[in-house]
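Below is one structure; the comments refer to it alone.
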Amino acid sequence: MSARVPRVLAVAGTDPTGGAGQHADLKSIAAMGGYGMSAVTAVVVQNTLGVRSVHVPPAEVLTAQLEAVSDDVVVDAVKIGMLGSVPVIEAVARWLAEHRPPVVVLDPVMVATSGGRLLEPDAEDALRAVLGLADLVTPNLQELAVLAGEDPAPSWTAALAQGHRVARTHDVLVLVKGGHLAGDRTPDALVGPGSPEPLVALDGARVPTANSHGTGCSLSSALATLQVRHGDWPTSLRIAREWLRGALAEADGLEVGGGSGPVHHFHHVQDALASWGTAPERFSDELWADSAGVRRQIEELEFVRRLGDGRLAPEPFLAYLDQDLQYLEHYGRALAQLAARAPDEASRRFFAAGSVSCTETEAELHRARLRQAGRERPAAAGPTTRRYTAFLLAATAAEPYPVGLAAVLPCYWVYAEVGRHLQGLAEAAGHAEHPYADWLATYADEGFQEATRTARRLLDEAAREASPALRERMREAFLEACALERDFFAAPLEPTLAGTAAGPGGQGCAGAGAAGRLPRVGAIE
């Protein structure tokens, strides 16, 4: 994984209202930690209601822009969007032939959302001819059909087949996007020329918003930036997709224009910006700040370091799974107790679904892995497992509902953060040879990310109605659960650490247990 700031060039048209084209590209690059540069292919007169006119400068002007950048700056990645004419396409192709950056992402802007063709037939042919100069192509379904020379795919299966045909024909990776299909799911898959199966396939509930202007531009630019950092397309897609889903979920709050407005590119930093120089507006922000010390302790644990870089011996890993399986039974009961005491139907459904998934689906994954290793009978529950499960059952049964919610939140929120840390260690160690690669991959599950956001939102709603004394008890429960999480991670290799407790104002949150401990359920719709 590269620690250097990616230098990313966006080659695309403009959008005066800032939602698409160059403007979306530069925001996305910055949101993913890159430094954005731009070469303008077309001046587009548009707003959220539609395009009014387009002015395409001479191709020589575009060539001069491209040369000015590459003569002075090392370009790590280029994202190519709207090109518009044969001379413009040929100018970009000549520049790529001479100055090709390590990462090239092509978003083939060929078909409007309404279905209208944006390129003349000769320009479509010219664009097909340059597909082989890209590493990744990111068409929408209508554009994928044009590239394949076929009618638009009526189903996800048909779309995947088209994507494979385009990948093989042009020897390029293709991102097949299902957002334009009917239904309440939005699948995405990365397909390549050398494999009949997708390199990665992701799915999730459709984000309910009418403000989706510029999603294609934003996703392709984010992918170009992330690929410089990670060097792994599946990882880049997982991160970019999660970020974009959050940008869609927060899009309505921007209130830009009267039509299909832009996505919220900086939704993930909005809370941090709002809290500069002030107390955190959300109670969960306070808890997260309080948890920093224990989260650092988790990352420094020998078990976590060895699990992440692949040096962990099989025996402690299996011992961990064994204890985690026993934890799951009690954790499912704790979620069921929380569901029974939840104040509304949506919250009850959320925790009840988590309980079922935890005790059935996730537990069976653990049993299967243990059976493969010849462990048919569980070991006795260790002291950390007994202490942690007793705490959760007591908090969700005897304490007020907000306290029980605070006790289970670390299992959602920190799980995601520890997962990112472990994946980073695995990538640095060489993911293809990693003995626990399949296990660590479950940390990237998108459904769990949605569930984490929902659990945090429910806690903040409960905290707003709580008295100062109850909020303090919520804080204590959260931090106690964090310390127990840390002890659970430490137990397989450092049993002497287990048993330490976080005192008042303790340092917070330890990640959740082994991948798969927590229920993978979606957020409340």
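In a residue-by-residue description of the range 305-316, the property of being farther than 16 Å from Leu392 by Cβ, without any contact (Cβ under 8 Å) to a residue 24 or more places away in the chain and not in a loop (DSSP other than H, G, I, E, B) applies to at least one position.
Conditions tested, residue by residue: (1) open to solvent by 40 Å² or more (accessible area, probe 1.4 Å); (2) touching a Pro at 6+ places or on another chain (Cβ under 7 Å); (3) not in a loop (DSSP other than H, G, I, E, B).
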position: Glu299; (1), (2), (3): yes, no, yes
position: Asp324; (1), (2), (3): no, no, yes
position: Ala340; (1), (2), (3): yes, no, yes
position: Pro343; (1), (2), (3): yes, no, no
position: Thr359; (1), (2), (3): yes, no, yes
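Just one of the listed residues (Arg348, Arg295) is in contact with a Cys (Cβ under 7 Å, 6 or more places away or on another chain), more than 20 Å from Trp439 (Cβ to Cβ) and open to solvent by 50 Å² or more (accessible area, probe 1.4 Å), namely Arg295.
All conditions in (1) more than 25 Å from Glu299 (Cα to Cα); (2) touching a residue at least 24 places away in the same chain (Cβ under 8 Å); (3) in a helix (DSSP H, G or I); (4) among the charged types (D, E, K, R) hold for Glu399, with the sole exception of (3). Selection of the range 247-268 for residues being hydrophobic (A, V, I, L, M, F, W, C) and not in a loop (DSSP other than H, G, I, E, B) yields Ala247, Leu248, Ala249, Ala251, Leu254. Pairing residues of the range 129-148 that are of a type in the set (Ser, Thr, Tyr) and part of a loop (DSSP other than H, G, I, E, B) with residues that are buried (at least 20 other Cβ atoms within 10 Å of the Cβ) and modelled with pLDDT under 90, at Cβ distances under 6 Å and at least 6 apart in sequence or on separate chains, gives no pairs at all. What about His366, is it in contact with a helix residue (DSSP H, G or I) (Cβ under 9 Å, 6 or more places away or on another chain), modelled with pLDDT under 90, open to solvent by 40 Å² or more (accessible area, probe 1.4 Å) and on the phi < 0 side of the Ramachandran plot? No, not satisfied. Filter the range 250-272 down to the residues that are in contact (Cβ under 8 Å) with a residue 60 or more places away in the chain and small (Gly, Ala, Ser), then identify the one that is farthest from Gly424 (Cα to Cα). Only one residue tops the list, namely Gly258. In the set Val73, Val105, only one residue is open to solvent by 40 Å² or more (accessible area, probe 1.4 Å), on the phi < 0 side of the Ramachandran plot, among the β-branched types (Val, Ile, Thr) and touching a strand residue (DSSP E or B) at 6+ places or on another chain (Cβ under 9 Å); that residue is Val73.
Inspect all residues belonging to the range 411-427 and state whether any of them is in contact (Cβ under 8 Å) with a residue 24 or more places away in the chain, surrounded by fewer than 19 Cβ atoms within 10 Å (Cβ to Cβ) and not in a helix (DSSP H, G or I). No, there is no match, as no residue in the range 411-427 is in contact (Cβ under 8 Å) with a residue 24 or more places away in the chain, surrounded by fewer than 19 Cβ atoms within 10 Å (Cβ to Cβ) and not in a helix (DSSP H, G or I). Restricting the first member to the range 355-379 and to residues that are touching a residue at least 60 places away in the same chain (Cβ under 8 Å), and the second to residues that are open to solvent by 60 Å² or more (accessible area, probe 1.4 Å) and assigned to a helix (DSSP H, G or I), the beta-carbon pairs closer than 8 Å and six or more apart or on different chains are Ser355/Arg333.
Residues considered: Ala373, Ala380, Ala397. Of these, the only one that is closer than 18 Å to Met474 by Cβ, surrounded by fewer than 17 Cβ atoms within 10 Å (Cβ to Cβ), modelled with pLDDT of 75 or more and more than 28 Å from the chain's Cα centre (by Cα) is Ala397.
Working carefully through the options Arg475, Arg471, Arg453, Arg457, find the one that is basic (Lys, Arg), at pLDDT below 90 and surrounded by fewer than 24 Cβ atoms within 10 Å (Cβ to Cβ). Selected residue: Arg453, the only one of Arg475, Arg471, Arg453, Arg457 that is basic (Lys, Arg), at pLDDT below 90 and surrounded by fewer than 24 Cβ atoms within 10 Å (Cβ to Cβ). In this entry, Ala247 is excluded by the filter for residues that are of a type in the set (A, V, I, L, M), at pLDDT below 90, out of contact with any Lys or Arg (no Cβ under 6 Å at 6 or more places or on another chain) and under 19 Å from Arg457 (Cβ atoms). Taking the condition open to solvent by 10 Å² or more (accessible area, probe 1.4 Å), at pLDDT below 90 and not hydroxyl-bearing (Ser, Thr, Tyr), does Ala210 pass? No: the conditions fail for Ala210.
Starting from residues that are acidic (Asp, Glu) and in contact with an Asp or Glu (Cβ under 9 Å, 6 or more places away or on another chain), keep the ones in the range 164-194 and report whichever is surrounded by the most Cβ atoms within 10 Å (Cβ to Cβ). Checked the range 164-194; the qualifying residue surrounded by the most Cβ atoms within 10 Å (Cβ to Cβ) is Asp188. Selection within the range 50-86: residues that are among the aliphatic types (A, V, I, L, M) and part of a strand (DSSP E or B). The member of this set that is nearest to Ala210 (Cα to Cα) is Val51.
Remark: pairs (first residue in the range 318-346, over 30 Å from Leu307 (Cα atoms) and touching a residue at least 40 places away in the same chain (Cβ under 8 Å); second residue aliphatic (A, V, I, L, M) and open to solvent by less than 10 Å² (accessible area, probe 1.4 Å); Cβ separation under 7 Å; 6+ apart in sequence or on different chains) = Leu338/Leu405; Leu338/Val408.
One residue alone among Ala134, Ala129, Ala161, Ala64 is modelled with pLDDT of 95 or more, open to solvent by 50 Å² or more (accessible area, probe 1.4 Å) and out of contact with any helix residue (DSSP H, G or I) (no Cβ under 6 Å at 6 or more places or on another chain), and that residue is Ala64. For the residues Ser221, Ser260, the requirement of being open to solvent by less than 10 Å² (accessible area, probe 1.4 Å) and not basic (Lys, Arg) singles out Ser221.
The lone criterion from (1) modelled with pLDDT under 85; (2) assigned to a helix (DSSP H, G or I) left unmet by Ala279 is number (2).
The values are calculated or read from the model by the stated rules, or taken from the named source; none is laboratory data. Bear in mind the structure is a predicted one, so any value in this text is a computation, not a measurement. Note that each Cβ is placed from the backbone with ideal geometry, even for glycine, and that neighbours are counted across all protein chains shown. Side chains are part of the model used for accessible areas, which takes the heavy atoms of the whole protein and leaves out ligands, DNA and RNA. Shrake-Rupley method; radii C 1.70, N 1.55, O 1.52, S 1.80 Å.
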